[in-house]
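What follows is a short report on a single structure.
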Amino acid sequence: MDIKQFELSADQLWQHTDPALFPASTEELEPLDRVIGQERAVRSIDFGVAIESYGYNIFAVGPPGSGRTTAARNFLTKRAETLPVPPEWCYVYNFEDPRRPNALRLPPGRAFDLRDAMDELVDQLRREIPRAFESEHYEERRREIIMEMQRRQQALYEELERYLRERGFALIRTQMGLNIAPLIDGAPITGEEYQKLPQEVKERFESYRPQLQEAFDRTMRQARELDREARQAIEALNNDVAGFVVDNALTDLQEQYAECPEVLEYLKAVRQDVVDNVENFVQPQEEQAPMPLPFLRRAVGEGWFTRYKVNVLADARDREHAPVVIEDNPTYHNLIGRIEHRAEFGAMVTDFTQIRSGALHRANGGYLVMEAKNLLVNPLAWSALKRALHNREIKIEEMTQFWGLLATVSLEPEPIPLDVKVVLIGDELLYQLLYFYDEDFRELFKVKAEFTTHVKRDDQMAHDYAQFVGDLCRREKLRHFGPDAMARLYEEASRMSGDQQKVSTRFAPIADLVREASYWASHEGHTLVTADDVCRAVEERIYRLSLIHERFVENIIDGVHFIDTEGAVVGQVNGLSVMQSAEYMFGMPSRITARTFLGKAGVISIDREVKMSGPIHDKGQLILASYLSSRFAQKRSLSMSATITFEQLYSGVEGDSASSTELYALLSALSGYPIKQNLAVTGSVNQFGEVQPIGGVNAKIEGFFSVCKERGLTGDQGVLIPKANVRHLMLRDEVRQAVEKGQFHIYAVSTIEEGIELLTGVPAGTPDEEGNYPEGTVYHAVQAKLDEYAERMKEEGKEEKEEEAPAFGTQQEEEEEEPKDEGPDDGDE
């Protein structure tokens, strides 16, 4: 067989891009006006934001760095520019129930005007009301009311006094009030003098007591009624005066907010409260109730007027369209809002001015974007969001109230109606978990926007990439890219996607590469970024991240880790695996060995026996065992025992990409044909012997190449890969150059037969009509070894039977007698 038919040329290892596709500089390109390569996601988001039905919030699915957040923000911002600015919301004092502040809805830009106007109103009333109550007109009216009351009271007292004198009594005034005293010789007497009077005189005085007491009580009641009427009259006067001042002060405000019924209702309540509490404007509260500590008086007095303040929650003064809010820390309070407290006299107190808005308030009337993971790791945040979306209102409450843990006294602000589209960003696993385990999620997030990680590589996509680079360079003041630099960057994007026909849409690492290439262009004094600058950025990044990889290679070169790159060994193959270290993925060769011997245990994986392998790897082991049986156990059962292992493996192994490698090692061990150690192998296998594609093919090839390069390239070293992986090859320059010079080789195989022939230099063999393989082939040698094992097992079986055979008749008699001694079988019953 000619191995050249399996060998790949250098041109097949990299998909080149024509620099002519790009302009002389990315600065010449127009700004990008769409999301690159995410038509499905964009259509999904467009549908989600356009439909107004309940529950059509959006979950954007994609891996980190795929541009989910940026794409969602840019798209939502453009969409929001077509929507009006939402109304503003504020909290005001509830004069009927202070624990439940009222929410006011105002047109955009009017909330702060109302707040400032109310502050000015209070200042004006505190000046004007005392002035009105100090006026001559008020004093004259008040004096008239008091004098009229005193005149009428005096007439009552004079009438009572005349009534008493007619009956020999007098009305006297003492420090304790008014009293009735008997008259002797026209003068009132004292209690001691009264006791000295004759009995008949005292009896005469006592006979008048009931009617005198009745007259006295009646007069006192009338006097008190006059006093009450006077107070009511003064109060009415105060209300008229205060009402006059307040009405004049409120006129402008009522005209400004004539189109806001809620504000007019609030102003009406303010007027009534000012009139009812006018004494706090006339005489400061600290003078009415002096505090024992003088420095606290002003705080108490000023605090009373807080009830007339306006607490603005959502400010829309500088907005030109609906909001797009990105909440990076969606805690319960950052999302729903909070009620803050302040310390006064050693206690924590609060009022409606301490209510603070959350992200839902700021995004109300627009869009709210959050990372799903950040939302779910914060206690209560997810439950609070679901409740708000369910009820379509924002209810600010303490966390203890939310769960009903403590019956504390706190504010209960009036809920604010909620009109928002929520966009959650997460990966596919998180979406699946929420969808299947949270029924509320299915009801509230009915739109799934999937962001792909790669798209088809074509000329239009190349133009879009150049526009993206141009936008980034303008935005961050980077050096623009020339055509050769853009071509190289586009090729790196294809390598990131792992496919020659596609490019990556994970723009975070692409943007980092643009920034780093711009830095190296600046370092070299280039006005435009060149292809060499892009290559330098890639090489420097690899150098920064490849320390662990270099240490692995050093261990192999120093003989600590056993890997042969020359010679041939029976039952030993160089397998390839991938290791991930933070931002850097690299490939490493691993020695895989197989040993066969007499027995019926079949294929035993040592790694599986000690539980160091995963289920996918174990499945690959069973598949290769099935392949062996299908090839060599058609006439008789497979009689052998074999062990396979990854040598010097001290951590777990997972995946089936080494199943073909393990099969090659097993075929070599059975056939006795040695395997070339200058070749490494990767690829999985199915039950039909077809070599299937695997992941990380570029890193695996480059990993074995780095070992060969350190030891010295001999010209016959190379790697066997599945033919289906050819389209995934985007190898580094040094590998391609070595292939072009014939120093390194890459072979693409489709079947196990092709692979074993390349590895051993011996044909695999094709069975004839009777299922026999021709001599001089690998499979003939394998079949011969298996037949030998079967014959030896058969001979050993005969010898064991002869050794174990009992004397004539003994066994038969025992077998006949044994059932008679047995009791009834419970299973049969």
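The values are calculated or read from the model by the stated rules, or taken from the named source; none is laboratory data. This is a predicted model, so every value here is computed, not measured. Cβ: placed from backbone, ideal geometry, glycine included. Neighbour counts: every protein chain shown. These accessible areas exclude ligands, DNA and RNA; they are computed on the full protein's heavy atoms, side chains included. Shrake-Rupley method; radii C 1.70, N 1.55, O 1.52, S 1.80 Å.
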When the scattering of the chain is computed by the Debye formula from its Cα atoms alone, each counted once and equally, what is log10 I(q)/I(0) at q = 0.06, 0.11 Å⁻¹?
-0.69, -1.23
DSSP loop GluC sites (Glu not before Pro) in the stretch 646-742 with at most 16 other Cβ atoms within 10 Å of their Cβ, which ones?
Glu647, Glu654
Normalising by the residue count of the chain, find the relative contact order in percent from Cα pairs under 8 Å and 6+ residues apart.
16 percent
How much accessible surface does Thr82 have with a 1.4 Å probe, in Å² rounded to 10?
100 Å²
Tell me the carbon and sulfur percent of the accessible area for the stretch 487-580, rounded to whole percent, probe radius 1.4 Å.
53 percent
Quick check: Cα centre of the stretch 682-699 to Cα centre of the stretch 90-111, how many Å?
68 Å
Largest-first ordering by accessible area, 1.4 Å probe, given options Thr452, Thr353
Thr452, Thr353
Whole-number accessible area per residue in Å² for the chain, which is evaluated in the context of all protein chains at 1.4 Å
52 Å²
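If a/c stays under 1.5 just call it rounded; otherwise compare a/b with b/c (prolate if a/b is bigger, oblate if not). Do that for the stretch 589-637, with a ≥ b ≥ c from the square roots of the Cα gyration tensor eigenvalues. Could the numbers behind the result be given before it?
On the way: a/c = 1.98, a/b = 1.66, b/c = 1.19.
Here the stretch 589-637 falls in the prolate category.
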Mean Cβ-within-10 Å packing, highest first, puts peptides 50-56, 506-512, 538-544 in the order 506-512, 538-544, 50-56
Cα-based reach from Lys741 at 23 Å (exclusive), listing lysines while leaving out same-chain residues under 8 positions away
Lys4, Lys676, Lys700, Lys709, Lys723
Please report the accessible area of His745 (heavy atoms, 1.4 Å probe, ligands and nucleic acids excluded) in Å², nearest 10.
20 Å²
Applying a 10 Å radius around every beta-carbon, put 614-623, 664-673 in order of their mean neighbour count, most first.
664-673, 614-623
Taking the mean number of other Cβ atoms within 10 Å as a proxy for protection, how do you rank 33-44, 493-504, 243-254, 357-368 from highest to lowest?
357-368, 493-504, 33-44, 243-254
